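**Q** The structure is given below, and queries will be raised subsequently.
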Amino acid sequence: MFRPVLLITPALVALALQAPLAAQAPEIAFERTHHDFGKINSDRKVSTRFKVTNKGNANLQITAVNPSCGCTSTVLGNWNLKPGESSEVEAVFDPHGQRGLVRKSMTVVSNDAKNPNALLTFEAEVVQDVMPSMAAVYFNQVSRSGHQVTNVRYASGTGMEVRILEAKAPGAPWLRLTPKGEGKDAILEIVFDGSKLPVKPRFGRETVTLTTNVPSAQTFTLPVNWELKPSIVAPDRVSMDVLKAGTEGRAKLQLRQAEGKAFRITGSHSTRAELRIEGLSGAKAMAQHDLTLVLSKDAKAGRYAEKVTITTDDPEQPELIVRVTAVVE
């Protein structure tokens, strides 16, 4: 009877020896890779744990857990897992300073060749007991004879009613503050009255302080920034060409009333005696004044960064400042 003969070659022996070795490998696996915290308050830390298991047949070595944010994460228990063993990766999230829907991640680094950087993610909707609709208010291009109005909404992130008990802006009578209600939200109406501004300032920043009925968010501060629109249009800065010592520097300066109204220049002064303005004497009321900035030939070599202050009879802009730069060699 014929019997098959199995020939064992050196190649087959090597393959038989390598097969078990190639199959020895760790395999990282997670019970879940994402967690949703849902709605959380911004002043309370939250945490969750991800169960990690070695489903391979060689030891799994976790070497690092790298979060993508300022949250903290670590492995609870063993970092070196034998086949079939489990541990936990904990993520602690501090939502302070966060708002709205937040998504974060962390990377678990291990010796699993097929998945050396396993990604875990979590998300949360960060709410506050009281959430203002804006962090600061800006009033731009305000007229001294006009008004601007804006509303800031204070809504509850927890569903309770919010009321503004008091709102004040010390030292800023040009801000009129009126608390209102709309459903469960509080509304702060802010009216900027340019006619109540002092004469000189062209811009400023005030602080509104308000008190609510919510014990955990009782006091708020609201920065209010403002800037008047120019009544007289003039360059903020004038630069002169590079001058040689002993020569006079000259540059044109034009002042124009934005609405075409006539105005007079009543005076000027500069931060340096060598810098003056020509064309002021006997100036008539005009909608546009063409002047000349003059840097005297007595100016010594060096770099100059000066200011020229010009006064006018324009009730909305009685004073304006022009910066002048020059280099004398």
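**Q** Among the candidates Ser86, Ser110, Ser68, Ser105, which residue alone is modelled with pLDDT under 90 and of a type in the set (S, T, N, Q)?
**A** None of the others qualify; the one that does is Ser68.
**Q** Residues being at pLDDT 90 or above and of a type in the set (Lys, Arg): count how many of those fall in region 130-148.
**A** Count: 0.
**Q** Look at Lys55 and say whether it is out of contact with any His (no Cβ under 8 Å at 6 or more places or on another chain), among the charged types (D, E, K, R) and surrounded by 14 or more Cβ atoms within 10 Å (Cβ to Cβ).
**A** Here the answer is yes, as Lys55 does meet what is asked.
**Q** Could you list, in sequence order, the residues of region 150-168 that are in contact with a Lys or Arg (Cβ under 9 Å, 6 or more places away or on another chain), under 16 Å from Leu222 (Cα atoms) and of a type in the set (A, V, I, L, M)?
**A** Answer for region 150-168, where residues must be in contact with a Lys or Arg (Cβ under 9 Å, 6 or more places away or on another chain), under 16 Å from Leu222 (Cα atoms) and of a type in the set (A, V, I, L, M): Ala155, Ile164.
**Q** For Lys200, state whether it is loosely packed, with under 15 Cβ neighbours inside 10 Å and under 16 Å from Glu227 (Cβ atoms).
**A** When the stated conditions are applied, Lys200 passes them.
**Q** Does Ala251 satisfy the condition of being touching a strand residue (DSSP E or B) at 6+ places or on another chain (Cβ under 7 Å), surrounded by 13 or more Cβ atoms within 10 Å (Cβ to Cβ) and within 18 Å of Ser143 (Cα to Cα)? Before you say what the answer is, go through the steps one by one.
**A** Working: touching a strand residue (DSSP E or B) at 6+ places or on another chain (Cβ under 7 Å): yes; surrounded by 13 or more Cβ atoms within 10 Å (Cβ to Cβ): yes; within 18 Å of Ser143 (Cα to Cα): no.
For Ala251, the condition - touching a strand residue (DSSP E or B) at 6+ places or on another chain (Cβ under 7 Å), surrounded by 13 or more Cβ atoms within 10 Å (Cβ to Cβ) and within 18 Å of Ser143 (Cα to Cα) - is not met.
**Q** Could you tell me how many of the residues in region 218-243 are within 13 Å of Val322 (Cα to Cα), outside any strand (DSSP E or B) and β-branched (Val, Ile, Thr)?
**A** Result for region 218-243: 0.
**Q** Condition (residue is touching a residue at least 40 places away in the same chain (Cβ under 8 Å), in contact with an Asp or Glu (Cβ under 6 Å, 6 or more places away or on another chain) and small (Gly, Ala, Ser)) applied to region 316-326: is it met by at least one residue?
**A** no
**Q** Separate question: Here is a list: Leu320, Leu243, Leu293. Which entry is within 18 Å of Lys200 (Cα to Cα), of a type in the set (A, V, I, L, M) and not assigned by TED's automatic domain parsing to the domain that holds Val142?
**A** When all the criteria are applied, what remains is Leu320.
**Q** How many of the residues making up region 262-296 are charged (D, E, K, R) and over 14 Å from Gly249 (Cβ atoms)?
**A** 3
**Q** Just to be sure before I move on: is Leu177 closer than 30 Å to Asp129 by Cα and in the same structural domain as Asn151 (by TED's automatic domain parsing) in the structure I sent?
**A** Values: closer than 30 Å to Asp129 by Cα: yes; in the same structural domain as Asn151 (by TED's automatic domain parsing): yes.
Yes; evaluated as a whole, the condition is true for this residue.
**Q** Glu123 - would you say it is in the same structural domain as Glu88 (by TED's automatic domain parsing) and either within 28 Å of the chain's Cα centre (by Cα) or closer than 30 Å to Gly204 by Cα (or both)?
**A** Taking the combined requirement at face value, the residue satisfies it.
**Q** Taking Asp290 as meeting all but one of (1) outside any strand (DSSP E or B); (2) within 42 Å of the chain's Cα centre (by Cα); (3) surrounded by fewer than 13 Cβ atoms within 10 Å (Cβ to Cβ), write down the number of the exception.
**A** Only one criterion in (1) outside any strand (DSSP E or B); (2) within 42 Å of the chain's Cα centre (by Cα); (3) surrounded by fewer than 13 Cβ atoms within 10 Å (Cβ to Cβ) is unmet by Asp290, namely (1).
**Q** Follow-up question, since we're still on this one. Listed residues Ala167, Ala217, Ala245; which is over 25 Å from Ala287 (Cα atoms) and under 24 Å from the mean Cα position of the chain (by Cα)?
**A** On the way: Ala167 fails: under 24 Å from the mean Cα position of the chain (by Cα); Ala245 fails: under 24 Å from the mean Cα position of the chain (by Cα).
Exactly one residue qualifies, and that residue is Ala217.
**Q** Give the residue that is modelled with the lowest pLDDT, with candidates limited to residues of region 219-241 that are touching a Leu at 6+ places or on another chain (Cβ under 9 Å), surrounded by 12 or more Cβ atoms within 10 Å (Cβ to Cβ) and farther than 24 Å from Ile277 by Cβ.
**A** Taking the candidates together, the pick is Phe220.
**Q** Inspect region 255-268 for any residue being within 19 Å of Arg144 (Cβ to Cβ), in a strand (DSSP E or B) and hydroxyl-bearing (Ser, Thr, Tyr) and give the result as yes or no.
**A** Yes, there is a match, as at least one residue in region 255-268 is within 19 Å of Arg144 (Cβ to Cβ), in a strand (DSSP E or B) and hydroxyl-bearing (Ser, Thr, Tyr).
**Q** State the number of residues belonging to region 37-62 that are in a loop (DSSP other than H, G, I, E, B), without any contact (Cβ under 8 Å) to a residue 40 or more places away in the chain and not polar (S, T, N, Q).
**A** Going through region 37-62 one residue at a time, the tally reaches 2.
**Q** On to the next question. When only residues in region 63-108 that are assigned to a strand (DSSP E or B) and charged (D, E, K, R) count, which is surrounded by the most Cβ atoms within 10 Å (Cβ to Cβ)?
**A** By that ranking, first place goes to Lys104.
The values are calculated or read from the model by the stated rules, or taken from the named source; none is laboratory data. Keep in mind that this is a model prediction, so the values were computed, not measured. Every residue, glycine among them, receives a Cβ derived from its backbone with ideal geometry; neighbour counts consider all protein chains shown.
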